[in-house]
1. In debye, nearest 20, what is the charge dipole magnitude of segment 103-201 about its Cα centre with +1 on Lys and Arg Cβ and -1 on Asp and Glu Cβ, if you could check?
2. Hey, if you drop one equal point scatterer on each alpha-carbon of segment 257-447 and run the Debye formula without solvent, what base-10 log of I(q)/I(0) do you get at q = 0.08, 0.17 Å⁻¹?
3. Can you tally the net charge around ALA129? Count Lys and Arg as +1, Asp and Glu as -1, for every other residue whose Cβ sits under 9 Å from the Cβ of ALA129.
4. Work out, in µm²/s and without decimals, the Stokes-Einstein translational diffusion coefficient of segment 179-324 at 25 °C, 0.890 mPa s, Rh from Kirkwood over C-alpha pairs.
5. So if R0 is 22 Å, what FRET efficiency would ASP239 and PHE158 give, r being the distance between their Cβ atoms, rounded to the nearest 0.05?
6. Amide H neighbours of LEU414 under 5 Å, at least 5 residues apart or on other chains, H built in the peptide plane: list them.
7. For the pair ASP289 and SER443, what calculated FRET efficiency results from E = 1/(1 + (r/R0)^6), where r is the Cβ-Cβ distance and R0 = 51 Å, to the nearest 0.05?
8. Over the alpha-carbon set of segment 332-411, work out the extent along each principal axis and list the three values in angstrom, largest first.
Amino acid sequence: MKHAFRYLLPSLRIIIPRFSPAPSRFIRSAPRQFFATFSGRMESTTTNDADSSGYGVEYMPLEGVERLERYRPGGYHPIVIGDHLHGRYRIVHKLGFGTYSTTWLAKDQNNGSYVAIKIAVADSDLREADILRVLQDARPTCEEASGKAAIPSVLDEFDLDGPNGKHRCLVTAPANVSLADAKDASVSRLFQPSVARAIVAQLVQAIAFLHSQGIVHADLHLGNILLRLTESIDGLSPDQFYQKYQKPTLEPVQPSDRLTLSEARILLTDFGESFMPFTTKRYYSNTPDLLVPPELHFRTQEPLSFHTDIWALGCAIWSIVGQRPIFEAFNPSADWMTKEHVDVLGKLPPEWWEHWSARPKWFDEQGSRIAGAAGKPWAEWFESCVQRPRREFRMEEFSEDEKVALFALLRSMLAFRPSERPDAEQILQSDWITTWALPELESIRSTSLS
Ligand SMILES: Nc1ncnc2c1ncn2[C@@H]1O[C@H](COP(=O)(O)OP(=O)(O)OP(=O)(O)O)[C@@H](O)[C@H]1O
């Protein structure tokens, strides 16, 4: 139990009380000092430049905290601890935030359970619940049922009127931190091999289930994969919760590399970008640039489909088994991302290569890096991102046999041409998943049943 909330700690972040137009007092949690109250006006920057989201920069950015400028009409809803929402949910703590929402831990006064309430910005229509309901109502086959287990259920949904507008609220079960947070909390940034295998197995099952229902997740990354709580917290009153979990010096963050197999159960979240390609044509992606697949740059006339998730799934699997992501960049351009793809995966298909006018900046016509620069050939890059860090942190490496099977799977998922990527069902049947990942997942299931 203690462990579970150690994970929760890094995602408990600042709380902004109600005031307008700008917050002047806030409660902030920091890694070693939770719920320290800070009074006084927040530091204001001198610039008023608008950022890419159209919001002017008015406050010094706070690490791990949502953009404060977004607390304005059309933006986030201001919440204070103790707020009572929809006549039944008392806000107890904060779980996280995204571009389109903040998420809060609340106690449901009707039945005593804890819930997570995602409060959308007032501009957003938060269609996530529609997608989740389709998934909830689906009648999966036996094989698909395992994938459904990783999808959150909608417990409630309501609108909230506030100073910044009307906000759609989605209520689901609370989970632990994301895989991205768990990695950030560890020095090695690695998961134990068994944990990585079990997580990947669940993730592939979840995507296979989603795709079987005609839904593309469209924003698949480690920040949207949450670890489940390993035990219920419903028995705790808010005071007991505070007493028990808000002393971070006593409850250090559990790093990814100390996650045990029994704790490696996930929930796939954030269906805010999800869509049904059979009924909706989508030509853009709001997923982080690092995960945008190459067809978005080279086949702009073709709508996105399930293949987009497969590319993102390949990138996510790499990050789960390894230390560093497969493609790296800071605020990258489309050309930079293509350079990353070619560096790791080799030359683009001929028609795309011809079309890519920026190629001479980095490559000769054979697809080799121009003088002096080093590329990141696949096998060497795997060694740098996955195997070497495992050795350095005295963690088990992947055996030669397993590496071959994993390579085969990842290479196929990261095929440049979307139609050449396997579908989720084929991935579930692949050698690596059936020989290494699923058996690891089975071992958790059999232990939790016994
Ligand atoms: N059920 C939950 N339990 C615990 N934490 C949660 C839960 N749902 C969301 N969170 C936290 O809130 C964060 C933001 O949620 P989410 O990614 O769904 O928001 P978003 O506004 O759609 O984000 P994005 O910018 O990725 O579109 C998550 O990264 C996670 O840390």
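The values are calculated or read from the model by the stated rules, or taken from the named source; none is laboratory data. All of these numbers come straight from a predicted model, not from anything done at the bench. Every residue, glycine among them, receives a Cβ derived from its backbone with ideal geometry; neighbour counts consider all protein chains shown. When the accessible area is computed, the model is the full protein with side chains, heavy atoms only, and any ligands, DNA or RNA have been set aside. Shrake-Rupley method; radii C 1.70, N 1.55, O 1.52, S 1.80 Å.
1. Magnitude of the dipole: close to 380 debye.
2. Each listed q maps to, in turn, -0.30, -1.29.
3. With Lys, Arg at +1 and Asp, Glu at -1, the net is 0.
4. So the translational diffusion coefficient is about 145 µm²/s.
5. Once rounded, the FRET efficiency stands at 0.25.
6. Those qualifying (amide H under 5 Å, at least 5 residues apart or on another chain) number zero.
7. The value I calculate is 0.90.
8. Ordered largest first, segment 332-411 gives principal extents of 43, 25, 22 Å.
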